[in-house]
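S.K.: Input: one structure, supplied below.
The values are calculated or read from the model by the stated rules, or taken from the named source; none is laboratory data. Remember, predicted model here, so these are calculated numbers, not experimental data. Here the Cβ is made from the backbone with ideal geometry for all residues, glycine too, and neighbour counts use every protein chain on show. For the accessible areas, the whole protein counts, side chains as well, though only heavy atoms, and no ligand, DNA or RNA atoms are used. Shrake-Rupley method; radii C 1.70, N 1.55, O 1.52, S 1.80 Å.
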Amino acid sequence: MIDSSGTAAVRTDDLWKVYPQEPAPVQAVRGLTLEIEHGDFVAMAGPSGSGKTTVLNLIGGLTRPTRGRVWIGGQELGSLDDKKLARLRLERIGFVFQAYNLLPVLSAFENAEFTLLLRGVPHEERRARVEALFKEIGLEGLEDRRPSKLSGGQQQRVAVARAVVGEPALVLADEPTANLDSTTSAALLEVMERLNHEHRTTFVFSTHDPRVMERAHRLIRLVDGRIDEDRRVEPAVPAR
Amino acid sequence: MAEDHLWWRVAWRNLGRNRGRTLITTSALAFGYLSAVVMVGLTDGMSAELVENGTRLLIGQAQVHASDYLPERSMYRTIGGQNGVDVADLLERLEAHPDVRAAAPRLYGGGLVSGGEHTEAALLLGIAPGRERHVTTLLGHVTEGRAPASGSREVMIGVEMARQLGVGVGDELVLVAPAADGSMGNDLFALVGIFDTGTPGIDASYAVLALDELQRLMAMDPGRIHEVALTVSRPVDTPAIAEALGAYLGSDPPTEVRPWTALRPELAESVALMDSMNFIIVLIIFAMAVFGVANTMIIGTFERTREFAVVRALGSSTGNVARTVVYEGIVLGALALVAGVAMTWPILVWWHRAPPDLSALVGGFSWSGAQWRPVLRVEYSLEGPVLSALALFLTAVLAALYPAWKAARIPPADALAGR
Ligand SMILES: Nc1ncnc2c1ncn2[C@@H]1O[C@H](COP(=O)(O)OP(=O)(O)O)[C@@H](O)[C@H]1O
Ligand SMILES: [Mg+2]
């Protein structure tokens with residue numbers, strides 16, 4: 001599943017996204033070319049409106065590019081129909097959203113096992129995996145709570161659990177800490193880092209919080225839909 | 001399947017999210033069911049009343065004749081021809097059939113009735129009083145005196161004819177009728193009864209006497225009758241029963257069994273009209289329900305736009321998104337069905353057992369040659385409720401289709417951004 005033949009986890013080639021808008025079309029992403037390696041921990045930084053969400057949506061196959069191409073582990077997305085794209089998301093990509101976006105009618109446990117259910121993973125295995133993960137990221141004992149009975153930080157950890165439980169090659173997180181206070185943000189980052197470290201899951205997350213950027217191993221700074229800066233970062237706090 | 005189970009669970013819990021709305025939608029559907037079933041029951045009751053009223057006074061629900069008797073009604077065309085039949089045997093055979101409740105033999109003749117100064121043309125009807133009571137209500141309308149007995153020269157006439165002749169019970173009447181041997185039969189009869197059916201045509205023209213007396217007057221053997229009138233087990237199904245009876249009787253002697261639908265075609269048309277009215281009413285009720293349910297479901301899915309987008313982003317197919325909305329419709333339909341049946345059956349059974357009698361308000365009336373009871377009667381078969389149940393369920397599912405389609409078409413990226 002995970003491509004180790006030297007293919008990048010993510011590759012984009014001259015990616016453009018133009019939204020037809022009045023009075024003038026919005027060029028949200030302008031000629032983005034980049035490569036992200038397997039197991040990397042990448043922050044996409046930039047002010048509001050710089051195109052972070054659009055880039056993540058393009059990489060995740062939630063939006064089709066106006067021009068250019070995206071590869072996920074060697075698979076070019078433009079050649080897939082919506083159904084195959086959904087399948088690819090299910091099997092290879094995990095999503096974390098700014099607003100947590102857990103399903104309110106499902107318990108924490110049910111939210112976390114959601115993608116496993118869609119994939120038809122048997123009950124025993126689902127339980128084992130979610131339980132192990134909940135223990136790993138400090139959600140033990142909260143399994144039966146509905147999202148409305150969880151704090152923001154807890155909800156976002158359930159969302160991270162939902163994203164990584166299927167061991168996807170890539171996790172895309174759009175401003176995962178934007179709704180959290182700094183302590184909770186740091187804790188969430190720690191969880192993500194640990195999962196990145198222990199499962200070699202590739203993380204790409206957007207943020208405009210400098211303290212979050214510092215935790216990345218690679219920092220890509222966007223301005224007006226273009227890469228303004230792209231550098232490796234020495235982690236300020238080493239991953240445990 | 002685990003995945004299917006997940007979508008049922010999501011559908012079920014989503015209905016529980018806004019209990020008030022679910023309750024209202026369910027009740028609306030259940031009331032739709034109630035009104036559809038009661039409407040159908042009421043029109044079925046009216047149909048049954050129509051059939052019974054239109055047949056029970058005189059014609060019965062089916063009639064057996066010699067196959068060449070109708071439409072001329074020649075007096076020579078008795079069942080079994082000139083030789084007649086073994087009437088007792090024929091009646092016994094008919095009553096042995098499971099769908100026949102009762103059978104009554106009859107003979108008809110045209111003649112004159114004189115009393116005192118006056119003479120009136122009359123339709124002479126010979127009956128077996130003991131049997132006639134089980135087939136028609138004619139003898140129940142005797143308002144003065146009693147029914148004529150067999151073996152004695154007795155006659156009964158309608159209240160209108162009595163008025164025109166200026167006679168009363170106890171007077172003597174002369175009956176004159178062409179006989180089968182070509183002579184003119186005439187004899188003196190005692191007027192023993194006067195009937196008042198409320199239907200002027202009948203009250204002015206029928207003279208009723210015992211079958212054997214009319215046979216004697218018309219110089220006919222005891223085996224000669226024109227007609228056997230029948231009541232059947234299910235009046236609404238008379239056409240099919242009549243056909244089965246025709247085959248059952250065979251062709252010796254050649255007979256024809258006519259259902260009331262053929263004898264009173266205008267009555268059959270009224271019933272057909274009511275059936276189609278029924279259908280239209282049910283259609284309207286459920287069409288209204290479709291839009292009502294679709295409306296609440298559209299609101300419900302609209303509120304969850306972002307959730308559908310999340311589910312799509314996580315890798316669900318559009319089909320799964322549509323599925324859970326349709327499941328919601330199915331669960332809603334099932335809930336409504338349970339509620340609808342639970343509140344409909346008691347009402348239906350109660351109404352059927354004790355139909356509100358409006359006599360005090362409107363009184364009976366005569367229409368289309370029959371007396372009408374002003375009763376709001378409800379009839380039910382399995383068909384109405386079962387078809388309505390099916391319609392209710394389809395309504396809920398149908399109403400979910402459009403919202404399901406809408407939900408499946410939500411673009412995930414825009415919905416996530418709240419655009
Ligand atoms: N669906 C859309 N329709 C029109 N304009 C859009 C749409 N999505 C994003 N944009 C515009 O594209 C630009 C980049 O937006 P976005 O990717 O959300 O940036 P960021 O996530 O960095 O805030 C903004 O100017 C935004 O208004
Ligand atoms: Mg954004």
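S.K.: State whether the residues of the stretch A:58-65 include one that is among the small types (Gly, Ala, Ser) and within 16 Å of ligand 1 (Cβ to nearest atom). Even if it seems obvious, please write down each step before you answer.
M.R.: Step one: filter the stretch A:58-65 for residues among the small types (Gly, Ala, Ser), giving A:60-61.
Filter again for within 16 Å of ligand 1 (Cβ to nearest atom), leaving A:60-61.
Within the stretch A:58-65, one or more residues are among the small types (Gly, Ala, Ser) and within 16 Å of ligand 1 (Cβ to nearest atom).
This table checks each residue for (1) away from ligand 2 (no atom under 16 Å from the Cβ); (2) open to solvent by less than 10 Å² (accessible area, probe 1.4 Å); (3) assigned to a loop (DSSP other than H, G, I, E, B).
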residue	(1), (2), (3)
A:Lys84	yes, no, no
A:Asn101	no, no, yes
A:Leu117	yes, yes, no
A:Glu124	yes, no, no
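S.K.: With the checklist (1) within 20 Å of A:Asp224 (Cβ to Cβ); (2) open to solvent by less than 60 Å² (accessible area, probe 1.4 Å) in hand, flag the one item A:Gly61 doesn't pass.
M.R.: (1)
S.K.: Give me the pairs, please: first residue somewhere in the stretch B:407-419 and touching a residue at least 12 places away in the same chain (Cβ under 8 Å), second residue anywhere and within 13 Å of ligand 1 (Cβ to nearest atom) and open to solvent by 60 Å² or more (accessible area, probe 1.4 Å), beta-carbon distance under 7 Å, and either six or more positions apart or on two chains.
M.R.: none
S.K.: Follow-up question, since we're still on this one. Mind listing just one residue for me: the one in the stretch B:308-328 that is of a type in the set (S, T, N, Q) and open to solvent by less than 10 Å² (accessible area, probe 1.4 Å) and, of those, nearest to A:Thr63 (Cα to Cα)?
M.R.: B:Ser316
S.K.: I'm told B:Val174 meets every condition in (1) open to solvent by 10 Å² or more (accessible area, probe 1.4 Å); (2) at pLDDT below 95 except one. Can you identify the failing condition by its number?
M.R.: Among (1) open to solvent by 10 Å² or more (accessible area, probe 1.4 Å); (2) at pLDDT below 95, B:Val174 violates only (2).
S.K.: Only residues that are modelled with pLDDT of 90 or more, away from ligand 2 (no atom under 16 Å from the Cβ) and under 13 Å from the mean Cα position of the chain (by Cα): list them for the stretch A:168-187, please.
M.R.: Passing the criteria: A:Pro168, A:Leu170, A:Val171.
S.K.: Ok, one more. Do you know which residues across the stretch A:25-50 are within 13 Å of ligand 1 (Cβ to nearest atom), part of a loop (DSSP other than H, G, I, E, B), open to solvent by 10 Å² or more (accessible area, probe 1.4 Å) and touching a residue at least 40 places away in the same chain (Cβ under 8 Å)?
M.R.: Across the stretch A:25-50, the qualifying residues are A:Pro47, A:Ser48.
S.K.: Looking at (1) surrounded by 21 or more Cβ atoms within 10 Å (Cβ to Cβ); (2) within 26 Å of the chain's Cα centre (by Cα); (3) of a type outside the set (Gly, Ala, Ser); (4) assigned to a helix (DSSP H, G or I), find the lone condition where B:Leu90 falls short.
M.R.: It fails just one condition, (2).
S.K.: Going through the stretch B:129-171 one residue at a time, which ones are small (Gly, Ala, Ser) and crowded, with 20+ Cβ neighbours inside 10 Å?
M.R.: Going through the stretch B:129-171, the residues small (Gly, Ala, Ser) turn out to be B:130, B:140, B:145, B:147, B:149-152, B:158, B:162, B:166, B:168, B:170.
Within the stretch B:129-171, B:Ala147, B:Gly158, B:Ala162 qualify.
S.K.: Now for a separate question. Given the stretch B:158-270, what strands (runs of 3 or more DSSP E) lie entirely inside it while holding 1 or more residues that are charged (D, E, K, R)? Spell out the reasoning first.
M.R.: Working: elements: B:172-178, B:184-195, B:206-210, B:227-232, B:255-259.
Output list reads B:172-178, B:184-195, B:227-232, B:255-259.
S.K.: Would you be able to tell me the number of residues in the stretch B:294-307 that are in contact with a helix residue (DSSP H, G or I) (Cβ under 6 Å, 6 or more places away or on another chain), open to solvent by less than 40 Å² (accessible area, probe 1.4 Å) and within 10 Å of chain A (Cβ to nearest Cβ)?
M.R.: Final tally of qualifying residues: 0.
S.K.: I need a count of the residues in the stretch B:251-269 that are among the polar types (S, T, N, Q) and surrounded by fewer than 16 Cβ atoms within 10 Å (Cβ to Cβ). Give the steps one after another, and end with the answer.
M.R.: Narrowing the stretch B:251-269 to residues among the polar types (S, T, N, Q): B:251, B:255, B:261.
With the extra rule that they be surrounded by fewer than 16 Cβ atoms within 10 Å (Cβ to Cβ), the set shrinks to B:251.
Selection size over the stretch B:251-269: 1.
S.K.: Now for a separate question. Does the stretch A:66-99 hold any residues that are within 16 Å of ligand 1 (Cβ to nearest atom) and either of a type in the set (A, V, I, L, M) or closer than 17 Å to A:Glu175 by Cβ (or both), and which are they?
M.R.: A:Val70, A:Phe95, A:Val96, A:Phe97, A:Gln98, A:Ala99
S.K.: Please pick out the residue among B:Ala48, B:Ala103 that is of a type in the set (Gly, Ala, Ser) and either in a strand (DSSP E or B) or assigned by TED's automatic domain parsing to the domain that holds B:Thr255 (or both).
M.R.: Details: B:Ala48 fails: either in a strand (DSSP E or B) or assigned by TED's automatic domain parsing to the domain that holds B:Thr255 (or both).
The conditions single out B:Ala103.
S.K.: Within the stretch A:188-220, can you find the residues that are of a type in the set (Gly, Ala, Ser) and away from ligand 2 (no atom under 16 Å from the Cβ)? It would help to see each step written out before you state the result.
M.R.: At the first step, the residues of the stretch A:188-220 found to be of a type in the set (Gly, Ala, Ser) are A:206, A:216.
Across the stretch A:188-220, the qualifying residue is only A:Ala216.
S.K.: Those residues that are open to solvent by 30 Å² or more (accessible area, probe 1.4 Å), away from every other protein chain (no Cβ under 14 Å) and of a type outside the set (A, V, I, L, M, F, W, C), I need them from the stretch B:12-59; list them, please.
M.R.: The answer is B:Gly20, B:Arg21, B:Ser27, B:Ser35, B:Asp44, B:Glu52, B:Arg56.
S.K.: A further question follows. Looking only at the stretch A:15-43, count every residue that is aromatic (Phe, Trp, Tyr) and within 16 Å of ligand 2 (Cβ to nearest atom) and tell me the total.
M.R.: Residues meeting the conditions: 1.
S.K.: If I filter the stretch B:109-123 for residues that are over 21 Å from B:Leu214 (Cβ atoms) and open to solvent by less than 30 Å² (accessible area, probe 1.4 Å), do I get at least one hit?
M.R.: No, every residue in the stretch B:109-123 fails to be over 21 Å from B:Leu214 (Cβ atoms) and open to solvent by less than 30 Å² (accessible area, probe 1.4 Å).
S.K.: Quick check, is A:Gly74 surrounded by fewer than 16 Cβ atoms within 10 Å (Cβ to Cβ) and away from chain B (no Cβ under 14 Å)?
M.R.: yes
S.K.: Sort out which residues of the stretch B:1-23 are outside any helix (DSSP H, G or I) and within 23 Å of A:Leu118 (Cα to Cα), and write them in order of number.
M.R.: Residue satisfying the conditions is B:Met1 alone.
S.K.: Which ones in the stretch A:165-191 are more than 16 Å from ligand 1 (Cβ to nearest atom) and open to solvent by less than 30 Å² (accessible area, probe 1.4 Å)?
M.R.: Scanning the stretch A:165-191 gives A:Val165, A:Gly166, A:Pro168, A:Ala169, A:Leu170, A:Val171, A:Leu180, A:Ser185, A:Leu188, A:Leu189, A:Val191.
S.K.: Return only the number of the condition from (1) within 14 Å of chain B (Cβ to nearest Cβ); (2) part of a loop (DSSP other than H, G, I, E, B) that A:Glu143 does not satisfy.
M.R.: (1)
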